[in-house]
Amino acid sequence: MIVVIGGGVVGLAIARAFATESRDVCVLERHGRLGTETSTHNSGVIHAGLYYPPGSLKSSLCIEGREQLYRYCASANLPHVRCGKLIVGQADEEGELARIHKLATDAGASLEPVDAAFVAAREPHVKASAALWSPDTGWVEAEALIRALEAEIQRLDGIVLVGSPVIGIESASDGARVVTPHERIEVELVVNAAGLFADEVSAMAGGEAFTIYPCRGEYATLAPHARHLIRGLVYPVPHAAGHGLGTHFTRTIDGEVWLGPTVHYQDDKRDYEGGRAPVESFLEPARALVPSLTLADLRLGGSGIRPKLHPASERFADFMIRRDSKQPWLIHAAGIESPGLTACLAIGDMVAELAR
């Protein structure tokens, strides 16, 4: 038996990869519902692989995983769209646009320089001196993806247990024993896909030490009367010295428009609402892209917490997908922040290969 700890989109994709190989697999999710943490508290963007260092797992698994995800969404009839996105720059940002263009093309992603006329034709309310167009960026309804993965695992005779927090992991003669309040499961392999709590799971298993840094991202939304101002996905230029991709607009298939996320490191892995930024704080970044927006056009939206593997003082950490250095029966899929949703199926394949 293989146990995957964590019923988010990554844990489910890993379990699906094992189930398609007819391996006995069980997903343990501590909440009463799947995907309630990072997986469904993000913008749902299918990333094209534009921003990550060439050769990194974030780069290669994003580019590989995005095409797998588009195919999967089409075959499972999931709500999704390959709509493309604009990265818009102002007069003093040509150098940053050029940097992003080179980074993306070096990684093998498609990214095209476009002018202000191209932007005006697609997004007439967006201000831009120049821009980059990513034709492979899109959007997926994360909840529908989670439901589809769960159904496929169960159809392939895999087991998905919700409301089953792991309270102990013990070494055994030929593997390990995973303990929940309800079960003691003898396993040959444990996959740590516990998201924000992956460091705690590793410690519980006697594995190597690492730290997950919770980083909250908050969203605003456009009021219904203002949603026509955005037609697709519109991003600012992310500067090399900053965290994240900048506060951007995401239009969903249902017509909602989200603005965010912000970046705020915090100590509490469970606090989604305490000390939320006021809606007024979203106005300046919103008007940098759409000058006609006013405070009356904005509403507070949701929030999510990223499981980062680096502190606020650093700028990049790659996904951690490998066998543990202390426990041979333990594989980590940790630090899976963006583009983890995009890369989830490719991550599943990589973990299955590590197990083989």
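Things worth noting here:
- Of all residues in the stretch 101-131, those that are assigned to a helix (DSSP H, G or I) and either crowded, with 20+ Cβ neighbours inside 10 Å or touching a Cys at 6+ places or on another chain (Cβ under 6 Å) (or both) total 3.
- Under the condition of being in contact with a Phe, Trp or Tyr (Cβ under 7 Å, 6 or more places away or on another chain) and either open to solvent by less than 50 Å² (accessible area, probe 1.4 Å) or of a type in the set (A, V, I, L, M) (or both), the residues counted in the stretch 179-191 number 2.
- Verdict on ASP157 being at positive phi, of a type outside the set (Gly, Ala, Ser) and loosely packed, with under 13 Cβ neighbours inside 10 Å: yes
- Annotation note: of ILE169, ILE153, the sole residue that is hydrophobic (A, V, I, L, M, F, W, C) and part of a strand (DSSP E or B) is ILE169.
- Some residue of the stretch 304-325 being farther than 20 Å from VAL201 by Cα and of a type in the set (Ser, Thr, Tyr): yes
- Screening the stretch 257-274 for residues that are closer than 13 Å to ALA312 by Cα and touching a Pro at 6+ places or on another chain (Cβ under 8 Å) and picking the one that is surrounded by the fewest Cβ atoms within 10 Å (Cβ to Cβ) gives ASP267.
- Any hit, the stretch 171-178, residues being crowded, with 16+ Cβ neighbours inside 10 Å, more than 25 Å from the chain's Cα centre (by Cα) and of a type in the set (S, T, N, Q): no
- As a summary of the residue check, GLU208 satisfies the conditions (1) open to solvent by 30 Å² or more (accessible area, probe 1.4 Å); (2) modelled with pLDDT of 95 or more; (3) in a loop (DSSP other than H, G, I, E, B); (4) over 27 Å from ALA116 (Cα atoms) except for the one numbered (1).
The values are calculated or read from the model by the stated rules, or taken from the named source; none is laboratory data. Not measured: the values here are computed from a predicted model. Virtual Cβ from ideal backbone geometry, glycine too; neighbours counted across all protein chains shown. Only protein heavy atoms, including side chains, enter the accessible area calculation; ligands, DNA and RNA are left aside. Shrake-Rupley method; radii C 1.70, N 1.55, O 1.52, S 1.80 Å.
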